[in-house]
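Below is one structure, written out as structure tokens, with a few remarks after it.
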Amino acid sequence: LVAAGEYVAAQMKAAGLAPGGDSGTFFQEFPVESTPAASGSVASAPVKPGTTARNVIGVLKGSNPAFDGQWVVVSAHYDHLGRNGIGVRVSELGQIHPGADDNASGTAVMLELARRFVAAGAPQRTIVFIGFSAEEAKLQGSRYFVEHSTPLPLAGLRAVVNLDTVGHLGASNLSVLAT
């Protein structure tokens, strides 16, 4: 997971995003809380308390002063089950769960959107691109982001577009879920 986070940060930097994490980095570190294993999964594989995870945050500053203090989020999660994480069935213990359709597809689209938005020039409103971690363990990365330090005040948040499991819709052209 560390290598995946480093990769996402390197791609954000290469795209031209500014760091939006802790202390001028792309990373927002947070302690992972213990979570019970999901139904049908390995009961002995909860996330251990005290483990540190990292969200990866890049910022594209908006250009319109009328929207100063307003921002939108484009996000995905770059974590997955690994070999023994939350959700791994006993019969699949130790097998690699690469997560191409779950997290990798959303992360790839998020990074491509970052590249395209940077190439198009400064948008009207600030866009914050976030690769969340510990999402497979009860959405801990996104919750931490909202509850603790954000690059801009939450009152200015106008929209969130979260990209997860992009593709394989069969005959459907688009599926959008809102909650």
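Quick notes on this structure:
- Amide proton proximity set for ALA137, modelled H, under 5 Å, gap of 5+: none
- Residues VAL160 and ARG115, FRET efficiency given R0 of 22 Å [Cβ-Cβ distance, rounded to 0.05]: 0.65
- ³J(HN,Hα), Karplus 6.51/-1.76/1.60, whole Hz, each residue of region 63-79, x for Gly, Pro: 10, 8, x, 5, 9, 4, x, 9, 7, 10, 10, 10, 9, 7, 10, 9, 8
Computed from the coordinates by the stated procedures, all read-outs in this text should not be read as laboratory data. In this text, all values refer to a predicted model and were calculated from it rather than measured experimentally. Counting neighbours? That spans all protein chains shown, and the Cβs are built from the backbone with ideal geometry, glycine included.
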